[in-house]
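A short write-up of the structure that comes next.
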Amino acid sequence: MIFDHPSQPFFLVESVSTLYPMTLETIQGNLYDYPKYYDLVYGSDWKAEFDFLEDCFEKHADVTIERVYEPACGTGRLLVKFADAGYQIGGIDLNPKAVDYCNDRLDRNGYARAATVGDMADFCTAKPIDAAFNTINSFRHLATETQARRHLECVAKALRPGGIYVLGLHLTPTEIEPMQEESWSARRGNLAVISHLWVTDCDLQCRRETVGMSFDIYSPTRQFRIKDEVHFRTYTHLQMADLLRSIGTFDVTECYDFSYDISNPLEVGPASEDVVYVLKKRAL
Ligand SMILES: C[S@@+](CC[C@H](N)C(=O)[O-])C[C@H]1O[C@@H](n2cnc3c(N)ncnc32)[C@H](O)[C@@H]1O
């Protein structure tokens, strides 16, 4: 099954098997070490997320949003758009190649190199921020409850009271079969990239999902596949609710799904899968 994704690059591949040729030269690698390919696939349609985030700022924050921050910012596909729109920006990511890519683009566009290499479970910001966002499952890279808690505490500490954290992730539904596979494709000039993700194992006891990921790269000079495997921590809606409650600093203001429609809030329940939590930092 192919499932929905917040980013809408040029097309959603209709059949993974027909578009997954077995003959491509294949290398093992960390997909996040290839920011140019990542950014082509996931940065192709930034607008829906960007507009939704601005709608959240407007609808849910009690402060004027001037300074925004993205934990796990990756290539900064959204950060650069916020800089273009006049916001002060900052971000952090574990991957130095993604951070270089992000900062080089900011540089080229006349902005400060605002992304730093670091762990989103252990960071602080130089100045208080008004909003933070983390939209496509990066939070689930944090493997343990302790890391997840530390991350939320770091965000809470960085935010001004009344500021918001927009956090998007796939929950494990307990009432329906979870979706297992997705595939996206994008093209720029002579370069085309097809990305595949497929779940290979899900251990709900250990709260660990194993996901195969690949990029198929097509350029005039080379066609090859980069293959990777990542682990995501799993969350049912109740586990997520418990975690947020235990942090004690945030109110869940509203939830949405990955269609990013601010006029269509979501009641999170056992069948929920793609969820965007809008968390507001409580007044002191
Ligand atoms: C799915 S990508 C999302 C990137 C970006 N937020 C976006 O929307 O395009 C996940 C990112 O999380 C980063 N990441 C994983 N664990 C991290 C951690 N503990 N601290 C900071 N970044 C982390 C990876 O390096 C990768 O860039």
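The values are calculated or read from the model by the stated rules, or taken from the named source; none is laboratory data. Source: prediction; values computed, not measured. No Cβ is skipped: glycine too gets one built from the backbone with ideal geometry, and neighbour counts run over all protein chains shown.
Here are the numbers for the structure shown:
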item	result
Pair list, Cβ < 6 Å and 6+ apart or interchain, from region 34-48 residues that are farther than 14 Å from V99 by Cβ to residues that are outside any loop (DSSP other than H, G, I, E, B) and charged (D, E, K, R)	L40/R188; W46/K81
Residue satisfying all of: in region 112-123; hydrophobic (A, V, I, L, M, F, W, C) and without any contact (Cβ under 8 Å) to a residue 40 or more places away in the chain; farthest from the ligand (Cβ to nearest atom) among these	A112
Filter result for the condition that a residue is more than 9 Å from the ligand (Cβ to nearest atom), of a type in the set (S, T, Y) and surrounded by 15 or more Cβ atoms within 10 Å (Cβ to Cβ), over Y42, Y87	Y87
So E175, is it acidic (D, E) and either surrounded by 18 or more Cβ atoms within 10 Å (Cβ to Cβ) or modelled with pLDDT under 95 (or both)	yes
Count of region 239-284 residues which are over 20 Å from the mean Cα position of the chain (by Cα), surrounded by fewer than 17 Cβ atoms within 10 Å (Cβ to Cβ) and under 23 Å from E145 (Cα atoms)	10
Every pair of residues 6+ apart whose Cβ atoms lie under 7 Å, when the first sits in region 178-203 and is part of a loop (DSSP other than H, G, I, E, B) while the second is of a type in the set (F, W, Y) and modelled with pLDDT of 95 or more	Q180/W198
Members of region 178-225 that are surrounded by fewer than 19 Cβ atoms within 10 Å (Cβ to Cβ) and either small (G, A, S) or in contact with a Cys (Cβ under 7 Å, 6 or more places away or on another chain) (or both)	G189, A192, G212, S219
Subset of region 124-143 (residues that are within 11 Å of the ligand (Cβ to nearest atom) and over 25 Å from Y42 (Cα atoms))	none
Residue under evaluation Q147, criteria (1) within 11 Å of the ligand (Cβ to nearest atom); (2) among the polar types (S, T, N, Q); (3) assigned to a loop (DSSP other than H, G, I, E, B), criterion not met	(3)
Residues located in region 212-221, provided they are more than 21 Å from E181 (Cβ to Cβ) and either in contact (Cβ under 8 Å) with a residue 24 or more places away in the chain or part of a strand (DSSP E or B) (or both)	S219, P220
Any pair with Cβ under 7 angstrom, 6 or more apart, that starts in region 128-156 at a residue that is within 13 Å of H170 (Cβ to Cβ) and hydroxyl-bearing (S, T, Y) and ends at one that is part of a loop (DSSP other than H, G, I, E, B) and within 12 Å of the ligand (Cβ to nearest atom)	T135/P6; S138/A72
Close pairs from region 50-72: first crowded, with 19+ Cβ neighbours inside 10 Å, partner of a type in the set (F, W, Y), Cβ under 6 Å, at least 6 apart	F52/Y260; L53/F133; I65/F57; V68/F82; V68/Y87; E70/F133
